[in-house]
Amino acid sequence: MKRTGILNAELNLRLAGLGHTDTVVVADCGLPRPPGVPVVDLAVVFGVPSFEQVLTALAAEIVVEAAVLAEETTDRNPGVVELVGSLFGRPGTVPHERLKELSRDARLIIRTGEATAYANVILRCGVPF
């Protein structure tokens with residue numbers, strides 16, 4: 001039994017298998033899920049768990065060298081930009097349609113219960129040394 005950190009067994013297994021430059025998408029409950037990309041679905045009801053709760057838990061578990069948001073997030077959901085920046089440094093941006101295209105190459109998608117627009121981020125894994 002783990003003492004701290006993420007307790008979800010499937011999520012722990014998937015996180016342990018990540019390597020340098022692998023990408024993980026943390027998504028709101030509406031982001032399309034591309035075929036073939038494993039999804040750990042944490043959503044229970046709208047808002048639970050929140051994007052912030054999941055992202056904060058991930059920040060304590062994995063090394064992230066870069067983050068990418070949709071350009072639209074800046075105007076439509078500035079709290080996400082602030083949160084991602086505080087956890088991982090200034091994020092890059094791409095158009096939302098491009099973010100959805102990039103999610104096709106992710107090693108993992110983590111679906112939250114978040115129900116606000118543009119609460120999605122692609123995290124590129126780093127190394128702890």
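Values in this text are rule-based calculations from the coordinates and carry no lab data. Remember, predicted model here, so these are calculated numbers, not experimental data. Because the Cβ atoms are built from the backbone with ideal geometry, glycine has one as well, and the counts that use them run over all protein chains shown.
One table, with the values for the structure above:
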{"read-out": "Coil-residue trypsin sites (Lys or Arg not before Pro) of region 1-83, DSSP, other Cβ within 10 Å capped at 15", "value": "K2, R3"}
{"read-out": "GNM result for the chain, Cα springs below 10 Å: residue of E97, E61, E52 fluctuating most strongly", "value": "E97"}
{"read-out": "Cβ-based net charge around S50, under 14 Å, with every Lys or Arg adding one and every Asp or Glu removing one", "value": "-2"}
{"read-out": "Residue order, fewest to most surrounding Cβ atoms within 10 angstrom, among D28, D41", "value": "D41, D28"}
{"read-out": "Within-13-Å neighbourhood charge of T93 [Cβ basis; K, R +1; D, E -1]", "value": "-1"}
{"read-out": "Dipole moment magnitude, nearest 20 debye, region 1-102 about Cα centre, only Lys, Arg, Asp, Glu C-beta charged", "value": "300"}
{"read-out": "Cβ-based exposure ranking for R90, R107, R98, in which fewest neighbours within 10 Å come first", "value": "R90, R98, R107"}
{"read-out": "Part-to-part distance (alpha-carbon centres) for region 62-123 and region 19-36, which is given in Å", "value": "10"}
{"read-out": "Positive-end extreme of charge dipole, the chain - chosen from G113, V81, G17 (charges on Cβ)", "value": "G17"}
{"read-out": "3J(HN,Hα) from dihedral phi, region 5-17, Karplus parametrisation 6.51/-1.76/1.60, rounded to Hz, x for glycine, proline", "value": "x, 5, 9, 4, 4, 5, 5, 4, 4, 5, 5, 5, x"}
{"read-out": "Helix-only [θ]222 nm of the chain, DSSP H runs n ≥ 4, -39500 (n - 2.57) each, per residue, nearest 500", "value": "-8000 deg cm²/dmol"}
{"read-out": "Vicinal HN-Hα couplings computed from phi for region 52-66 (Karplus, 6.51 cos²θ - 1.76 cosθ + 1.60; Hz; Gly/Pro x)", "value": "4, 4, 5, 5, 5, 5, 5, 4, 7, 10, 10, 8, 10, 9, 6"}
{"read-out": "Listed residues T93, T73, T56, most fluctuating in the chain (Gaussian network, C-alpha, under 10 Å)", "value": "T56"}
{"read-out": "Candidates V26, V81, V37: whichever shows maximal mean-square fluctuation once the chain is modelled as a Gaussian network with Cα springs under 10 Å", "value": "V37"}
